């Protein structure tokens, strides 16, 4: 006897019906649509520490980025059927078309967008028919219809599968009149039939087959064995010779952009027997199972399906209580009264729409009206935590190593860096390729949350070419490595995806710029553009000036060092300019009425921005050529506003004056005026002292080496009357007290020479001829042609 | 032909309500004139089985109207939230007209709304003459709705002082209104419910207490979904208002309206229309209603001081005034918007210059 159980992948109602049918049938053999290459892994699924969601992963050991995933959740009919069979010691095997050839045949990435194919009951050609059916029954689309009639079923007594088989037969008959079925579908069905025949030949009498509902009718006709062989051979040879049809390009989570996880796999010829496919199981998450991560046979609401699976009765009430608990944990005052009201509203809505039971849509609308007071934010939380859910699976320790583990092992071997529990100090010279690669690996592992090495601050003496790492392997890293397998099959790929995920989550600029730095250190240049897009989005809405200014210096360093590390700097440059514009607009208001602490912090930021700006825009000729003057002017303009604005704290006004002076953007006369105004008796003493401190922020050296500055200060002091001088004396003393003693002594020496600008005593006057000789040598050292 | 300036919804659409009542075979909740299904059809429009056409009263999401009607079918009250100009009052009037056949049981919330307006007052002459009696009692619209099993409407709920708002709690949870002076109470008849409207972005409102909030299901009415929809609303309303004010100006050019609406929508959304640039959102509402007033004041300027054609300079003043409500934060947002978006946009140079002139 052969029983076909047509299901929808990950349908809880299907799962329930399948279990009931298996109990009733007591088959002596169970065949499941799935990858035969992973048959040897089936016993692992029965182990106590295997907890769904998990995924069967098929990959090529020598090119692990080429892989296919078969996710299984608690409520997947396949999972339940396999567990049932393993518990009852019934032979079970997977019977889909083999992946082996398909993965190996793909040597190069597919051209064009990889489009995973659909594999729920509403397969492409039937989609329209399903919609017709659904509309006839009063539903918006086929998905909804299936959900209501099959997945929401509570009673399992009647034989739903006979009905499904009839329905699908009718639909298929209709479709096949107008559409030619895809060769791939035909081949997969032929393969499944072949497997069924094999099982029959082995002598099994009562075979149950769990497969996608769409395929069920095709598996009824087992007569024409020769034709199936024909179909398979034709398909395999056709796909071997012709380029991959884009429709079937599925299995490569690409290096960049969102991982598009593949759907149930397609098959390629077995013409590369030398390149076998390896299989393992890895933990999976509900988030990955959900459609929004691009996995098409995925389901929009794993959390909701789990709820459907776990609860037989009071679905609506339990869901509302779950939501209430969730929101309460977030400090939103949701009472049982709310839950009651939401349940009633959901039921009223369902009644209004003529449904027997509220579906997810009604529940969400009721939650929004009652729990969230019409707002979106709590609803988003409910969607993320409840509708999609955050469950992560677990695999037994005996599962074969994941490609990520193998990739790391290979890298460790190549880089001669063996994991050891002993703590060890590692000094890496980044100019040597091997050591640089080691640093890269450690940085990437850090990104993956595997802090094998901890970076010490670079030691001053050795400069930026050296990194000092403390390395120590800890046992839990292996577990984290398995968890990270979801992110990618190589360390590089996984780190990239982690970085993208973090970037999407980062809500504050400093966190994001930190990620930019990590990306640079881990040498993942392709992550820079998406990171920059996030930076741009955040800077636009951020009104926190220190954050904005703090974000600038790391970005400047991307521009400065980016070319060395092959980063696209044009994009960064544009964002830096935009950021700068925002800073310039916000600076005058952002600096007004700051208290001392905040002013000090701000002065640090202003100096850093100014320094980065001059490094980038003033020093290089190319920068001038690229017309960065507008940015420079805007910045100087903002500084001028700062210097003139009455509400700016003295420290920042002084600083702004000085920066303007150094940039040559203010007349000496102007500076003198600002200075005397700031230091005149009308100004509160504290303010004046702060002004002077800001003005002389760079220490005494500038006064010693910039005669004009010295004269200016000197001239101002000279204009003071005796009383005014006595009043100003404490301020001056305070400002000068911060200078090192040696500088103060030098300044004193100078004053003794009646303020004249002479070289300090002990320094001989310049001798032109002698200097010429030295200059020639200096030029040679600097690599310039001697003049 | 009526001589009334404005008819109630149930008068204006009497024919449609009648036609719906005749064909309506769905179950009606107690004291409802129509079934929930028919009420939804009345608001969203449609064609009846006998070919009669119902005009749409509300253009927008079907979902929202369904939630609103379903709420009224339970005994929970309905709170319609939204910025000005999102048809809150309009929807509540039509809901009351369709469900109770009476949209006149209305309390307008203001800062001066007292408890008497929500509960009951007294005819003081009678009170003095006869002492407390039912004859001397002046019922509020809510009290009347309770007695007759109809819908009562409270407009601008959040403008009512918080302590007065809380009068509603007993009415909504116990469905009863005690009158201690007469040692009696009025218990609501089936069919009674309350629709309140409130503005969710205005400053200076009285937030609902959580006890009261719990008695309401909230439906947020959104701003127009697309640029074209909003441009159309602004165009028709501005033209109508322009006629009413008898401005000697040409009807505003569609292009100018489109620019204003674009600016409003972009600032409101914090994102440019092409989705490429994030923007700071100013504190003001920037509702469709405000866009209409910007166009109107621009038209007045053009009519009286310009050549009668609405130009960039005419709208700049109104625009800056509408956007900059908070003199510091909004100014930053506006300047960033001017410099990063308006300045760069093809054909917007005139607007940039006009705005720059005023903003500096």
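Would you confirm whether any residue within the stretch A:198-205 is in contact (Cβ under 8 Å) with a residue 60 or more places away in the chain, within 25 Å of residue A:10 (Cα to Cα) and either assigned by TED's automatic domain parsing to the domain that holds residue A:94 or assigned to a strand (DSSP E or B) (or both)? Scanning the stretch A:198-205, I find no residue that is in contact (Cβ under 8 Å) with a residue 60 or more places away in the chain, within 25 Å of residue A:10 (Cα to Cα) and either assigned by TED's automatic domain parsing to the domain that holds residue A:94 or assigned to a strand (DSSP E or B) (or both), so the answer is no. For the stretch A:114-124, indicate whether the set of residues that are touching a strand residue (DSSP E or B) at 6+ places or on another chain (Cβ under 7 Å), modelled with pLDDT of 50 or more and either in a loop (DSSP other than H, G, I, E, B) or on the phi < 0 side of the Ramachandran plot (or both) is non-empty. No, that holds for no residue. The single residue among B:49, B:66 that is without any contact (Cβ under 8 Å) to a residue 40 or more places away in the chain and surrounded by 23 or more Cβ atoms within 10 Å (Cβ to Cβ) turns out to be B:66.
Checked against (1) outside any strand (DSSP E or B); (2) buried (at least 22 other Cβ atoms within 10 Å of the Cβ); (3) at pLDDT 90 or above, residue B:86 passes all but condition (3). Candidates are the residues of the stretch A:301-314 that are surrounded by fewer than 19 Cβ atoms within 10 Å (Cβ to Cβ) and out of contact with any helix residue (DSSP H, G or I) (no Cβ under 6 Å at 6 or more places or on another chain); the one that is nearest to the other protein chains (Cβ to nearest Cβ) is A:314. Only one entry in A:327, A:408, A:363, A:379 is surrounded by fewer than 23 Cβ atoms within 10 Å (Cβ to Cβ), in contact (Cβ under 8 Å) with a residue 40 or more places away in the chain and either in a loop (DSSP other than H, G, I, E, B) or out of contact with any strand residue (DSSP E or B) (no Cβ under 9 Å at 6 or more places or on another chain) (or both), namely A:327.
Specify which of the listed residues (A:483, A:472, A:493, A:476) is in contact with a strand residue (DSSP E or B) (Cβ under 8 Å, 6 or more places away or on another chain), within 30 Å of residue A:50 (Cα to Cα) and at pLDDT below 80. A:483 is the lone residue from the list that is in contact with a strand residue (DSSP E or B) (Cβ under 8 Å, 6 or more places away or on another chain), within 30 Å of residue A:50 (Cα to Cα) and at pLDDT below 80. In the set (1) under 30 Å from residue B:165 (Cα atoms); (2) within 14 Å of another protein chain (Cβ to nearest Cβ); (3) over 18 Å from the mean Cα position of the chain (by Cα); (4) touching a residue at least 40 places away in the same chain (Cβ under 8 Å), residue B:113 fails one condition alone, (2).
Just one of (1) in contact with a helix residue (DSSP H, G or I) (Cβ under 8 Å, 6 or more places away or on another chain); (2) facing another protein chain (nearest Cβ under 9 Å) fails for residue A:320. It is (2).
Checking each residue in the stretch B:9-20 for being out of contact with any strand residue (DSSP E or B) (no Cβ under 6 Å at 6 or more places or on another chain) and either surrounded by 16 or more Cβ atoms within 10 Å (Cβ to Cβ) or within 14 Å of chain A (Cβ to nearest Cβ) (or both) picks out B:9, B:10, B:13, B:17, B:19, B:20.
Within the stretch B:315-341, residues that are more than 13 Å from chain A (Cβ to nearest Cβ) have Cβ atoms under 6 Å from residues that are modelled with pLDDT of 85 or more and outside any helix (DSSP H, G or I) in these pairs: B:323/B:282, counting only partners at least 6 apart in sequence or on another chain.
Of the residues making up the stretch A:382-395, just one is surrounded by fewer than 21 Cβ atoms within 10 Å (Cβ to Cβ), touching a helix residue (DSSP H, G or I) at 6+ places or on another chain (Cβ under 6 Å) and closer than 23 Å to residue A:485 by Cβ, namely A:391. Residue check, residue A:438 against (1) outside any strand (DSSP E or B); (2) at pLDDT below 85; (3) assigned by TED's automatic domain parsing to the domain that holds residue A:414, all met but one. Which one? All conditions pass for residue A:438, except number (2).
If the condition is being in a strand (DSSP E or B) and surrounded by fewer than 20 Cβ atoms within 10 Å (Cβ to Cβ), then the stretch B:107-116 contributes only B:108. Considering the stretch B:198-213, the residues that are at the interface with another protein chain (Cβ under 10 Å from one of its Cβ atoms) and crowded, with 17+ Cβ neighbours inside 10 Å include one that is modelled with the highest pLDDT, namely B:208. Among the residues examined, residue A:344 does not qualify as away from chain B (no Cβ under 14 Å), farther than 20 Å from residue A:290 by Cα and either in a helix (DSSP H, G or I) or under 31 Å from the mean Cα position of the chain (by Cα) (or both). None of B:189, B:194 is out of contact with any helix residue (DSSP H, G or I) (no Cβ under 6 Å at 6 or more places or on another chain), at pLDDT 90 or above and crowded, with 20+ Cβ neighbours inside 10 Å except B:194. Among the residues of the stretch B:268-280, at least one is within 14 Å of chain A (Cβ to nearest Cβ), part of a helix (DSSP H, G or I), under 25 Å from residue A:545 (Cα atoms) and out of contact with any strand residue (DSSP E or B) (no Cβ under 8 Å at 6 or more places or on another chain). Among the helices (runs of 4 or more DSSP H) confined to the stretch B:117-179, the ones with at least 3 residues that are over 29 Å from residue B:84 (Cβ atoms) are located at B:124-130, B:141-148, B:167-174. Taken residue by residue, the stretch B:69-86 has at least one member that is over 24 Å from residue B:209 (Cα atoms), under 21 Å from the mean Cα position of the chain (by Cα) and away from chain A (no Cβ under 14 Å). Taken together, the residues in the stretch A:682-704 that are farther than 13 Å from residue A:656 by Cβ and not in a helix (DSSP H, G or I) amount to 6. Among the residues making up the stretch A:24-61, those that are assigned to a helix (DSSP H, G or I) and in contact (Cβ under 8 Å) with a residue 60 or more places away in the chain are A:25, A:36, A:37, A:38, A:40, A:41, A:44, A:45.
Let's see how each residue does on (1) buried (at least 19 other Cβ atoms within 10 Å of the Cβ); (2) out of contact with any helix residue (DSSP H, G or I) (no Cβ under 6 Å at 6 or more places or on another chain); (3) more than 18 Å from residue B:332 (Cβ to Cβ); (4) at pLDDT below 85:
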| site | (1), (2), (3), (4) |
| --- | --- |
| B:237 | no, no, yes, yes |
| B:245 | no, yes, yes, yes |
| B:252 | yes, no, yes, yes |
| B:259 | yes, yes, yes, no |
| B:271 | no, yes, no, yes |
| B:280 | yes, no, no, yes |
| B:287 | yes, yes, yes, yes |
| B:291 | yes, no, yes, no |
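The values are calculated or read from the model by the stated rules, or taken from the named source; none is laboratory data. Bear in mind the structure is a predicted one, so any value in this text is a computation, not a measurement. When we count neighbours, we look across all protein chains shown, and the Cβ atoms used for this are built from the backbone with ideal geometry, even at glycine.
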